[in-house]
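Below is one structure; the comments refer to it alone.
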Amino acid sequence: MDIYLRLVGITDRRYCGDSVIESVRKAGEGGIKTIQLREKNISDRDFYEEAISITRLGKEMGMKIFINDRYDIAEASEADGVHIGANDLPLPIVRRYFTGLIGKTVKSKEEALKAEAEGADYVAIGPFYHSHTKPSKKILPMDIIPSIRKDITIPLVVIGGINSQNAESLLTIGAYGIAVSKSLFKGDIIKNAKKLTTVINKYGGY
């Protein structure tokens, strides 16, 4: 499963528009193997129905689908995983009710170690560059990547303002994988996907 965490595409309606499922389809056609479905401003019912459609598409195209924040929707839609943040339910509670993979956003080495101890399958940390998704987030020092990587055994995924030009600077110092949004879904999705997968293929394959 770890190979799927080399490159994660996170949906964002600012770039996908209303055709999220078509954007995900194009990402898959471009070689993306993992999608995190992120929705902040639609109803629970609409989120659930969209998750059902995209999970079905993922199975057809050989992609893994993670649901952002909502373990209940991830479980109901039979998604492969859920990604939770600091303001979501505690990881041990999510693990009790969700049978799939669990990723956790962390901000420090201590949080990464705690997440692994609590059963996270991977951790995500960032941003290391300015992010349009979360512009108020503090930029982290890059040396935190090797510091965390040497003390955890689960994959460390980096997130925040990452694109095909700057990804290598993070991968070369210990990041296992990257998570992207704008650099995948804005513009020509298939072309963007191919650029990103080309970079990832230099670091252990995808």
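Read-outs throughout are calculated quantities, based only on the coordinates presented, and are distinct from any laboratory measurement. Note that the structure is predicted; figures quoted are calculated from it, not measured. Cβ placement follows ideal geometry from the backbone for every residue including glycine, while neighbour counts extend to all protein chains displayed.
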For this session: Filter the trypsin sites (Lys or Arg not before Pro) in the stretch 177-206 to those in DSSP coil with at most 16 other Cβ atoms within 10 Å of their Cβ, and list the result.
Result: LYS186, LYS202
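In deg cm²/dmol and to the nearest 500, what is the mean residue ellipticity at 222 nm of the chain if only DSSP H runs of at least 4 residues count, each as -39500 (n - 2.57), divided by the residue total?
For the chain, the value works out to -10500 deg cm²/dmol.
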Exercise. Which one of PHE47, ILE159, ILE10 is farthest out on the positive end of the charge dipole of the chain, using unit charges on Cβ (Lys, Arg +1; Asp, Glu -1) and the Cα centre as origin?
Worked result: ILE159
Problem set entry | Cα-centred dipole magnitude for the chain, charges only on beta-carbon of K, R (+1) and D, E (-1), debye, nearest 20 | 660 debye
Exercise. Looking at the chain, what % of its DSSP beta bridges pair antiparallel, to the nearest 5?
Worked result: 0 percent
Problem set entry | Size of electric dipole in the stretch 31-85: Cβ of Lys, Arg +1 and of Asp, Glu -1, about Cα centre, debye, nearest 20 | 260 debye
Seminar exercise, completed: Rounded to whole angstrom, the alpha-carbon centroid of the stretch 138-203 lies from that of the stretch 68-132 at a distance of 18 Å
Exercise. Based only on Cα atoms, what Rg/Rh ratio does the stretch 62-120 have, Rh being taken as Kirkwood's radius?
Worked result: 0.97
Exercise. Which of the trypsin sites (Lys or Arg not before Pro) across the stretch 20-128 are loop residues per DSSP, with 12 or fewer other Cβ within 10 Å?
Worked result: LYS40
